[in-house]
Amino acid sequence: MDVEDLLKKRKRENEEQDVGQFAHGNEVVFAKPNPKVQVTRQSNVDDIVDQLGAAKPMDANDVKIMMITLDKRIAKNQELRVKFADDPQKFMESELELHEHLEEMTALAASPELFPNFVRLGAVPQLLQLLISHENVDVLVDVVNLFNELLDAETYIENPESVDVLVTALLENNILDLLCQTLNRLDDKNPEESTAVHNTFGIFETLCDIRPDEIPETLCVQTKLISILLKRLYAKGFDANKLYASELLAVLSQSGSACQRSIGQTKMKGYNGIDVLLQITHRYKKRDPSSLDEKEMAENLFDCICSCLMLEENKDMFLAAEGVDLMLLMVKERKFASARAWKVLCFALENHTGMCKRFIDQFGLRILFPALIKSAKWAEKSEQKRSQDAEADEKERDEEEHIISCVSYLMTHSTGVERERVFAKFAENSFEKVPRLLEMHGKYFDRVKEFWAEQKDAEEALGKYQDEESKKAALRDAGLSTLQQTDLVIARLLNEFGVDVRPLIESELDKCGSNLDDIRLILKDYADNLGQEETENVEQQQTTAKVEGEANDTPNEGQNQVKLTQRGLLEILAKI
C-alpha cells in the first residue's frame, strides 16, 4: 500500500473525529475542539453551534499561528520523506497532519480582512511550492481546494482591497501556469481529484471575474489552458467537468480578440482550435444531447464558435475546415444542433465574401429560403398558444433573426454571380417570398414600437432603462436587430427591382398598417449607429486591400470583407 492509499484510509477513519471548523450562521469560524461537545456524523450543524456558543472569530494572531504550524508540518513531512523514502509508513503520519492543517486553513475564507496578513507571512509562495514539488496528489488537491475557498466573487465584492492583495500575490507567483500544470497531474476517475479539477476551473473563473481585462488574455496567451480545455472536451463521454470546461472556454472566447486568436491558433492532433471545435460539435449532427447538462455544454461550444468567428483569421480557418458545409448539414437534420447551426452561419457570413460564396456553392439557398418561408407557420399560431409555450416562442424568434440575418448578409457581402443568384430567389414566381418579409416587418415593427412606448412611460415614471447598455439589450430582446435586417432586405429589393416590386411592397405594408417611411426611420437609425468614423476606417481598409490584391495579383485577406458602412446604407436609403 503506497502513501496515498494509506492517507485515504486514515482520512476515512478521521471522518468520525471532531474537526476545528464550525458553521456559525453564515460564517465559518476557526475554533478549538470543545471536549463538552459530542459530535457524530449525524449531528446537525445548528445543534453543534448551539452547544459551542459564540466561537471566537479569527484574528491576526490566529493567522500567524496557522502559518507557523504550516511551516512545521511542511518541514517535518519533507524531512521524513527524505529520510524514509522507501518506507511510506514512516512519513504517513506527517502527511496526514499536513493534509488536516491545509483543510483547517479554509476557515480563513470567512475572514477576508486577514488576507493581507496571510500574504505578508509568505503563505502564497509556500503553498504554491507544494503544487510544484509535493509528490502526493492529495496534497495538491488540498492546496487547490484551499485557494478555491479563499477566492470567491462575492467576497471580492464585499472586501475588494483585501482580496486584491491575495490575487496580486497569486499572479506574481505564477499561479495560472502552476494550476495548468496541476491539471495535467489530476485524474478525473478519482472522485477527490475530479473535485479538484472542478475547483481549479472555479479559481480560473473567479480570477476572470475579478480582473476581466487582464486574466482571460493571460490565460489564453501565456498558459496552455486552451489546449487543456480542448483536449478534455474532445474526449468522448460527458461529465460535470466537461460542462465546466465548456463554460470556461465560452467565457474566454468572449474576452477579446487576443483570446479568440489564441483559441483559433491552438493546435491539437495537427488541427487548429476552430477545426477541433467543429469536430466536437459534429457529434450532435444527428443526435441530441442525452441530458440537460450535456445540452448546456453543447450550447457553450456553439457559442464559443460564434465568438471566435468575430475574428477574420478564424473565419478563414472555419471556411478551410468546411465549417459552412457542416452547419448546412446540421440544419438539414432538424435536430438539436439545427438552431445553433443557423446562429453559427449568421456569424460566419457577416462581412465575409468567401463564406457567402461557399454557402451559395453548397446549395445553401435551397435550405435558407424554405426555412424563411417555413418560419412563417409559427406566426400563424394563436397568441394564447404562444404564451403557453414561451420557451419555444423565444427559440423560434431567435431562429427567425438568424435566418433573416443570413439573407441580409448574403445580399450585402456576395459579389458577381453569387449576388445575382440571391436576388433571383426573390424574383421567383412573381416575388412570392416578398409578402413574408413584409409580414416580418409588421410583426417586429409593432414590437419595437411597443417597447419605445413602454420605455417612454417607464422613464417618466421610474427612470427605467436609463443605462444605455440596458436600453440596447432590451431593444434586442424586442426584435430591433431582426427588424433592421428585414428592412434592409426590403430596401435592397427596392434598389434592385424598383417599380417591378414596389407596388407589391407598398400594398403589403398597407395591410400591416405601415409604410415606406417606417422602413426609412428604422434604417436611418441603423445608419446612425454604424458611425461615420467606423465607416471611414472600413472603406479605407477595403480600398487598401483591393489595391494590394490587384498589385500582387493574388487574393488578399481583406478582399473577403465587404462591410456595410454608414455611407453605403444611406445610399440605399436614398433610392427607396
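The values are calculated or read from the model by the stated rules, or taken from the named source; none is laboratory data. Note that the structure is predicted; figures quoted are calculated from it, not measured. Heads up, the Cβs are rebuilt from the backbone with ideal geometry, glycines too, and the neighbour counts pull from every protein chain shown. When the accessible area is computed, the model is the full protein with side chains, heavy atoms only, and any ligands, DNA or RNA have been set aside. Shrake-Rupley method; radii C 1.70, N 1.55, O 1.52, S 1.80 Å.
Conditions tested, residue by residue: (1) modelled with pLDDT of 95 or more; (2) within 20 Å of PRO57 (Cα to Cα); (3) among the acidic types (Asp, Glu); (4) in contact with a Ser or Thr (Cβ under 9 Å, 6 or more places away or on another chain).
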position	(1), (2), (3), (4)
VAL119	yes, yes, no, yes
PRO125	yes, no, no, no
LEU128	yes, no, no, no
ASN136	no, no, no, no
LEU146	yes, yes, no, yes
ask   = Looking only at the range 65-94, which residues are surrounded by fewer than 16 Cβ atoms within 10 Å (Cβ to Cβ) and not charged (D, E, K, R)?
value = ILE65, ILE68, THR69, ALA75, GLN78, VAL82, PHE84, ALA85, GLN89
query = Can you spot a residue in the range 346-354 that is over 23 Å from the mean Cα position of the chain (by Cα) and either open to solvent by less than 10 Å² (accessible area, probe 1.4 Å) or more than 25 Å from LEU564 (Cβ to Cβ) (or both)?
reply = yes
task = Could you list, in sequence order, all residues of the range 305-322 that are over 24 Å from GLU420 (Cα atoms) and either hydrophobic (A, V, I, L, M, F, W, C) or open to solvent by less than 20 Å² (accessible area, probe 1.4 Å) (or both)?
result = ILE305, CYS306, SER307, CYS308, LEU309, MET310, LEU311, ASN314, MET317, PHE318, ALA320, ALA321
query = Is it true that SER246 is modelled with pLDDT of 95 or more and either part of a loop (DSSP other than H, G, I, E, B) or open to solvent by 10 Å² or more (accessible area, probe 1.4 Å) (or both)?
reply = no
task = Please state which one of ALA527, ALA478 is touching a helix residue (DSSP H, G or I) at 6+ places or on another chain (Cβ under 7 Å), under 27 Å from LYS395 (Cβ atoms), surrounded by 14 or more Cβ atoms within 10 Å (Cβ to Cβ) and without any contact (Cβ under 8 Å) to a residue 60 or more places away in the chain.
result = ALA478
query = Between a first residue in the range 237-262 that is farther than 17 Å from ASP209 by Cβ and a second residue that is open to solvent by 30 Å² or more (accessible area, probe 1.4 Å) and outside any helix (DSSP H, G or I), which pairs have beta carbons less than 8 Å apart while being 6 or more apart in sequence or on different chains?
reply = PHE238/SER290; PHE238/SER291; ASP239/ASP188; ASN241/ASP188; LYS242/ALA235; SER257/MET310; GLN260/MET310
ask   = Conditions: (1) among the small types (Gly, Ala, Ser); (2) modelled with pLDDT of 80 or more; (3) part of a helix (DSSP H, G or I). GLY558 meets all but one. Number of the miss?
value = (2)
key: Set ILE210, ILE228, ILE215: member being open to solvent by less than 30 Å² (accessible area, probe 1.4 Å) and in contact with a Phe, Trp or Tyr (Cβ under 6 Å, 6 or more places away or on another chain)   = ILE210
ask   = Among the residues of the range 467-512 satisfying the criterion of being not β-branched (Val, Ile, Thr) and not in a helix (DSSP H, G or I), which is farthest from GLU439 (Cα to Cα)?
value = ASP467
key: Lone unmet requirement of (1) aliphatic (A, V, I, L, M); (2) open to solvent by less than 60 Å² (accessible area, probe 1.4 Å); (3) outside any helix (DSSP H, G or I) for LEU131   = (3)
message = When you scan the range 502-517, do you find a residue that is open to solvent by 10 Å² or more (accessible area, probe 1.4 Å), among the charged types (D, E, K, R) and touching a Phe, Trp or Tyr at 6+ places or on another chain (Cβ under 8 Å), even just one?
response = no
ask   = Among the residues of the range 95-102, is any surrounded by fewer than 19 Cβ atoms within 10 Å (Cβ to Cβ), in contact (Cβ under 8 Å) with a residue 40 or more places away in the chain and farther than 16 Å from VAL165 by Cα?
value = yes
query = Quick one: would you say SER382 is hydroxyl-bearing (Ser, Thr, Tyr) and either modelled with pLDDT under 95 or more than 19 Å from GLU350 (Cβ to Cβ) (or both)?
reply = yes
request  = Check the range 53-64 and report whether any residue there is in a helix (DSSP H, G or I) and either modelled with pLDDT under 85 or loosely packed, with under 12 Cβ neighbours inside 10 Å (or both).
outcome  = yes
task = Being of a type outside the set (A, V, I, L, M, F, W, C), modelled with pLDDT under 95 and either closer than 21 Å to LEU243 by Cβ or assigned to a helix (DSSP H, G or I) (or both) narrows it down to one of THR200, THR206, THR168, THR155, so name that one.
result = THR155
task = For the range 171-193, name all the residues that are open to solvent by 50 Å² or more (accessible area, probe 1.4 Å), in a helix (DSSP H, G or I) and not polar (S, T, N, Q).
result = GLU172, PRO191, GLU192
ask   = Which of the residues spanning the range 323-335 are in a helix (DSSP H, G or I) and either open to solvent by 10 Å² or more (accessible area, probe 1.4 Å) or aliphatic (A, V, I, L, M) (or both)?
value = VAL324, ASP325, LEU326, MET327, LEU328, LEU329, MET330, VAL331, LYS332, GLU333
